[in-house]
Amino acid sequence: MPLSQDKATAALPDPPVRDTVAPNGVTLDFNVQQIEDVSIDGPPELLARDLMSPFVWRDPNGRFGMMVRAVVAAGAPLTDTGQIWAGWSDDGVSFAMLPRPVIVPGPDVSDAGGVEDPTVVIDLDGGYVVYYTGVLADMAHGDLCYASGTAIDRLEKHGIALASSKSRGNTKEATVERASDGQWRLFYEYAVEESSRIGLAIGAGVAGPWIEMPPPLLPRENNWDDWHLSTGPLLTHPEALPVMFYNGATHDARWRIGWVAFDRDYGGVIARGIQPLITPPPVPDRSAPDIAFAASTVMVDREIWLYYSLEDRRLARARIRRS
């Protein structure tokens, strides 16, 4: 089914920043316990590509599912900006991928240049809703697109979910959640004034229509996240404040992963980590991007599994404890 949107016309005020502790007085903190490589096994045409944006979820049958963006490796002819592949795992770290991609570019113009950044929502009927970035044939401009289906290898595209605008270009990197009030919230990255920002829209259902809200988070001056911000996965629980593991960078695009806690309606920041939670390790190849970029989280036995990409080419999992 197609999606629609309703854009607010009023100026968007800065979100209020309140305290550095939760309302109960307990300081929020997250500690990385272990970092592991995420491995995949699949056909040669997948293994020849670099991997980004690993979206991992726990399926109702107990298996871990993953959708991932596969990009043409550096030095190879650029045919597209990405394909989306999917697979399954019993342990959440080694994935057996399906024999062919589940979302490919085209034939519609909205994603003729590539498909990127999958985000999976399991609907109430047990099917799958997948948000992804559709890139135009110029391979330079994109919009948030949407597909759905009863299985991860049987998805039907429905076109653009949230289009770019003159003030908010290249909408991408969706994070979607249903709040306790029944409203759906769509977080996304957009481009403005040569930088990336995090936007927020609210809708009555997973298919919208979407009403844009004030940005939930802004860059911090003279810090590791003082120029670029991008959407990361949400950690939500009925008894805890929502936390986003967001992506931030300086003007020269050195991306790191941090965290921020919001109030329950995402109207203000309650707490925000001072230092990055995850910084990419040094690499011998100085031409490799200096980037760690969060894509998804899964809770397992009170431990947070945070999935992210490194150097825009390989996947990792951080096991994190909340204190």
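Does Ala316 satisfy being in a strand (DSSP E or B), within 27 Å of Glu116 (Cβ to Cβ), open to solvent by 20 Å² or more (accessible area, probe 1.4 Å) and in contact with a Ser or Thr (Cβ under 8 Å, 6 or more places away or on another chain)?
Values: in a strand (DSSP E or B): yes; within 27 Å of Glu116 (Cβ to Cβ): yes; open to solvent by 20 Å² or more (accessible area, probe 1.4 Å): no; in contact with a Ser or Thr (Cβ under 8 Å, 6 or more places away or on another chain): yes.
In short, no.
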TODO: Among residues belonging to segment 8-60 that are part of a loop (DSSP other than H, G, I, E, B) and at pLDDT 95 or above, point out the one that is surrounded by the fewest Cβ atoms within 10 Å (Cβ to Cβ).
DONE: Ala48
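When you check Val129 against the structure, is it open to solvent by 20 Å² or more (accessible area, probe 1.4 Å) and touching a residue at least 40 places away in the same chain (Cβ under 8 Å), yes or no?
Working: open to solvent by 20 Å² or more (accessible area, probe 1.4 Å): no; touching a residue at least 40 places away in the same chain (Cβ under 8 Å): yes.
Considered against the rule, which asks whether it is open to solvent by 20 Å² or more (accessible area, probe 1.4 Å) and touching a residue at least 40 places away in the same chain (Cβ under 8 Å), Val129 comes out as no.
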Open item on the list: If a residue must be free of Cβ contacts under 8 Å to residues at least 40 places away in the same chain and closer than 30 Å to Gly159 by Cα, how many such residues does segment 202-241 contain?
Closed with: 5
Task: Total residues in segment 157-202, condition at pLDDT below 85, charged (D, E, K, R) and in contact with a strand residue (DSSP E or B) (Cβ under 7 Å, 6 or more places away or on another chain) - done: 2
Open item on the list: I need the full set of residues from segment 89-100 which are free of Cβ contacts under 8 Å to residues at least 40 places away in the same chain and surrounded by 14 or more Cβ atoms within 10 Å (Cβ to Cβ), in order please.
Closed with: Ser89
Open item on the list: Which of the numbered conditions does Arg321 fail, given that it passes all the others? Conditions: (1) surrounded by 16 or more Cβ atoms within 10 Å (Cβ to Cβ); (2) part of a strand (DSSP E or B).
Closed with: (1)
Task: Members of segment 142-176 that are surrounded by fewer than 18 Cβ atoms within 10 Å (Cβ to Cβ), assigned to a strand (DSSP E or B) and charged (D, E, K, R) - done: Arg154, Glu156
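Taking the condition more than 15 Å from Leu155 (Cα to Cα), of a type outside the set (D, E, K, R), open to solvent by 10 Å² or more (accessible area, probe 1.4 Å) and not in a strand (DSSP E or B), does Pro107 pass? Talk me through it step by step, then tell me what you get.
Details: more than 15 Å from Leu155 (Cα to Cα): no; of a type outside the set (D, E, K, R): yes; open to solvent by 10 Å² or more (accessible area, probe 1.4 Å): yes; not in a strand (DSSP E or B): yes.
No.
The values are calculated or read from the model by the stated rules, or taken from the named source; none is laboratory data. Everything quoted here is computed from the prediction, not taken from an experiment. Quick reminder, even Gly has a Cβ in these numbers, built from the backbone with ideal geometry, and neighbours come from all protein chains shown. Quick note on the areas: whole protein, heavy atoms, side chains included, nothing else; ligands and nucleic acids left out. Shrake-Rupley method; radii C 1.70, N 1.55, O 1.52, S 1.80 Å.
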